[in-house]
Amino acid sequence: MRRGSTSASGQRSAVSPRSPQSGASRIPLPPCAPAPLRPCASAPPPPCAPAPLLARVSAPLLSPRGTRLRVPGPKGGRRGFTLIEILIVVSIIGILITLAQPSFHRAVTAAREATLKENLFVFRDVIDQFYADNGKYPAALADLVEKGYIRRMPKDPVTGSAETWVLVQATDEQGQQAGVYDVKSGSEATAYDGTKYSDW
């Protein structure tokens with residue numbers, strides 16, 4: 001029994017690890033060195049193709065605070081005008097035109113009156129010069145152009161024609177016509193000061 005136990009214990013001792021009290025020293029293992037990295041021999045990846053414009057525009061964007069940003073769509077994302085807004089704008093434009101129309105008409109009429117006064121002054125001045133040079137009045141306004149007193153026949157700014165001038169004939173002692181003495185406008189309209197253009 002003792003031998004069998006001894007043998008069994010001997011086997012048990014042979015199989016069991018050595019205790020620290022046995023006096024056997026452990027041999028330290030050297031640290032494992034990492035294997036050197038080898039560069040991959042694979043081909044470089046192809047360049048990335050740009051994403052479509054629609055995909056980039058429609059992709060959601062986030063602000064630094066985390067809120068979603070509004071990105072305009074293909075048409076710009078702008079809201080059109082409503083019918084009420086268009087009617088309001090048209091009404092305002094109509095009111096402005098109504099207010100500005102009398103002032104515009106008055107300015108145009110004032111410019112025409114100033115031109116008529118200047119043309120009458122030029123006519124009367126060159127007629128006096130013609131009489132001083134020739135000792136008689138011109139038989140017609142065309143004589144003033146032929147003799148070089150004026151370059152061309154001016155138009156009546158009120159009627160818009162050069163054929164509507166009213167010629168005032170001079171008379172001699174015998175009552176005969178002695179030429180054009182004065183020129184007046186052929187318009188029967190009334191000026192802003194209440195006088196007629198034909199009386200200027």
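Nothing in this text is a laboratory measurement; each read-out follows from the coordinates by a stated rule. Bear in mind the structure is a predicted one, so any value in this text is a computation, not a measurement. Positions of Cβ are generated from backbone atoms using ideal geometry, with glycine treated the same way; all protein chains shown enter the neighbour counts.
Results, tabulated for the structure shown:
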item	result
Gain on full stretching of the segment that runs from residue 101 to residue 192 - 0.36 nm per residue minus C-alpha separation	31.1 nm
Per-residue Cβ neighbour rank within 10 angstrom, fewest leading, 183, 168	168, 183
Computed log₁₀ I(q)/I(0) - Debye formula, equal Cα scatterers, no solvent, region 85-188, q 0.11, 0.13, 0.20 Å⁻¹	-0.48, -0.59, -1.01
Selection from 189, 200, 170 lying farthest towards where the dipole of region 96-200 points positive, charges on Cβ	189
Pairwise label distance in nanometres, residue 118 with residue 145, each label 7 Å out on the Cα-Cβ vector	2.0
Relative contact order (percent, whole number), region 85-188, Cα cutoff 8 Å, 6+ residue spacing	24
Per-residue ³J(HN,Hα) for region 140-147, Karplus 6.51 cos²θ - 1.76 cosθ + 1.60, θ = phi - 60°, Hz, x for Gly and Pro	8, 5, 5, 5, 5, 6, 5, 7
Per-residue Cβ neighbour rank within 10 angstrom, fewest leading, 113, 188	188, 113
